[in-house]
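Participant: Below: one structure in C-alpha cells.
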Amino acid sequence: GENVEQHPSTLSVQEGDSAVIKCTYSDSASNYFPWYKQELGKGPQLIIDIRSNVGEKKDQRIAVTLNKTAKHFSLHITETQPEDSAVYFCAAPSSGGSYIPTFGRGTSLIVHP
Amino acid sequence: KAGVTQTPRYLIKTRGQQVTLSCSPISGHRSVSWYQQTPGQGLQFLFEYFSETQRNKGNFPGRFSGRQFSNSRSEMNVSTLELGDSALYLCASSPGGADTQYFGPGTRLTVL
C-alpha cells in the first residue's frame, strides 16, 4: 500500500512569513494529492488539491507543487496570518481500485502575530 | 448545500459497552467513509460504503462495523469498547468514492 511521509511535524512562523510543508509518497501510480486543514474541534477541510498531470496549482495565498519523478508534493502558504494556524494533512491514494486516501501524520502550523 | 453532519458530537462510554455513531453525507453523495483519528496513530481508514455496500475496509478488528442506508446515511458501531477506542471518529462523503472527500466535524468518543 501507499506510504506517505510528511515533514515537518511542527512549523512555527511569524505573521507574514511563508510556510512550506512537504510530503513524499511511495506509489508511483498515485495521481491525486489533496491537502487538508484541520482546526481545533473540527474535521479536516480540503484546501487545495493537485492531479498528476500538472506540476503546480495556486489558489490565492496557497499553492501546491508536485514532483512526480521524486515522488513528493509540497504545500506553500505565503503571507501567513494567525488564522492559518491549524494542523495540515497531505494525502495520497492508497493502492487498489477505489480511492481511499493514506494521510500523512500532519503538520502543526503556528503563526505568531 | 449542507455539509456532512455527525451525531452525537461527544460521547462517553465505559469499557465493554457498545456505541453507534451516525453520519449524514452531503446531499447527492453516495460514498461514505469512516476514519479514526488519534494522536498516536493519526488518521486511519476504517471502511467505506457505497450504495449500501461495504466497498473497502481498513485494518481494524471485527468489533468495528458499519452500514449504509438507502438514503446514503451511514452508521458505525463499535462493540465491546476498549480504552484504546477513545478517539475522534470522522465521517467523510464523496460523490462517487473517488478523489475529494468532505469531512464532518467528528464524534469525540471517550471510553472510561
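The values are calculated or read from the model by the stated rules, or taken from the named source; none is laboratory data. All values derive from a computational prediction rather than experimental measurement. Neighbour counts run over all protein chains shown; Cβ positions are idealised from the backbone, glycine included. Side chains are part of the model used for accessible areas, which takes the heavy atoms of the whole protein and leaves out ligands, DNA and RNA. Shrake-Rupley method; radii C 1.70, N 1.55, O 1.52, S 1.80 Å.
Participant: Within segment B:83-102, restricting attention to residues that are more than 26 Å from B:Thr14 (Cβ to Cβ) and open to solvent by 60 Å² or more (accessible area, probe 1.4 Å), which residue is farthest from the other protein chains (Cβ to nearest Cβ)?
Facilitator: Within segment B:83-102, the match that is farthest from the other protein chains (Cβ to nearest Cβ) is B:Pro95.
Let's see how each residue does on (1) more than 10 Å from chain B (Cβ to nearest Cβ); (2) open to solvent by less than 40 Å² (accessible area, probe 1.4 Å):
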{"residue": "A:Thr10", "(1), (2)": "yes, no"}
{"residue": "A:Gln14", "(1), (2)": "yes, no"}
{"residue": "A:Thr24", "(1), (2)": "yes, no"}
{"residue": "A:Asn31", "(1), (2)": "no, no"}
{"residue": "A:Gly43", "(1), (2)": "no, yes"}
{"residue": "A:Lys71", "(1), (2)": "yes, no"}
{"residue": "A:His112", "(1), (2)": "yes, no"}
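Participant: Only one residue in A:Glu39, A:Glu83 is acidic (Asp, Glu), over 26 Å from B:Gln41 (Cβ atoms) and surrounded by fewer than 22 Cβ atoms within 10 Å (Cβ to Cβ). Which one?
Facilitator: A:Glu83
Participant: Six or more apart or on different chains, Cβ under 6 Å: which pairs go from a residue in segment A:1-27 that's assigned to a strand (DSSP E or B) to one that's of a type in the set (Lys, Arg)? Could you list them?
Facilitator: Within 6 Å, the pairs are A:Gln6/A:Arg105; A:His7/A:Lys22; A:Thr24/A:Lys71; A:Tyr25/A:Lys71.
Participant: Checking the structure you have, find out if any residue of segment B:103-110 is surrounded by 16 or more Cβ atoms within 10 Å (Cβ to Cβ), closer than 15 Å to B:Leu11 by Cβ and more than 14 Å from every other protein chain (Cβ to nearest Cβ).
Facilitator: So far as segment B:103-110 goes, yes, one or more of its residues are surrounded by 16 or more Cβ atoms within 10 Å (Cβ to Cβ), closer than 15 Å to B:Leu11 by Cβ and more than 14 Å from every other protein chain (Cβ to nearest Cβ).
Participant: Of the conditions (1) open to solvent by 30 Å² or more (accessible area, probe 1.4 Å); (2) within 10 Å of the chain's Cα centre (by Cα), B:Thr80 satisfies every one except a single condition; which number is it?
Facilitator: Going through the list (1) open to solvent by 30 Å² or more (accessible area, probe 1.4 Å); (2) within 10 Å of the chain's Cα centre (by Cα), B:Thr80 breaks only (2).
Participant: What strands (runs of 3 or more DSSP E) completely inside segment B:1-68 contain at least 3 residues that are within 11 Å of chain A (Cβ to nearest Cβ), open to solvent by less than 40 Å² (accessible area, probe 1.4 Å) and out of contact with any Cys (no Cβ under 7 Å at 6 or more places or on another chain)? Walk me through how you get there before you give the answer.
Facilitator: On the way: elements: B:5-7, B:10-13, B:19-24, B:31-38, B:42-50, B:53-57, B:64-68.
Output list reads B:31-38, B:42-50.
Participant: Quick check on segment A:6-26. Is at least one of its residues modelled with pLDDT under 95, more than 16 Å from the chain's Cα centre (by Cα) and at negative phi?
Facilitator: In the first step, residues of segment A:6-26 are kept if they are modelled with pLDDT under 95; the result is A:25-26.
Imposing the further condition that a residue be more than 16 Å from the chain's Cα centre (by Cα) reduces the set to none.
Within segment A:6-26 (the criterion being modelled with pLDDT under 95, more than 16 Å from the chain's Cα centre (by Cα) and at negative phi), the answer is no, since none of the residues qualifies.
Participant: Going by the structure shown, is B:Ser74 open to solvent by less than 20 Å² (accessible area, probe 1.4 Å), within 15 Å of the chain's Cα centre (by Cα) and modelled with pLDDT under 95?
Facilitator: So B:Ser74 fails the test.
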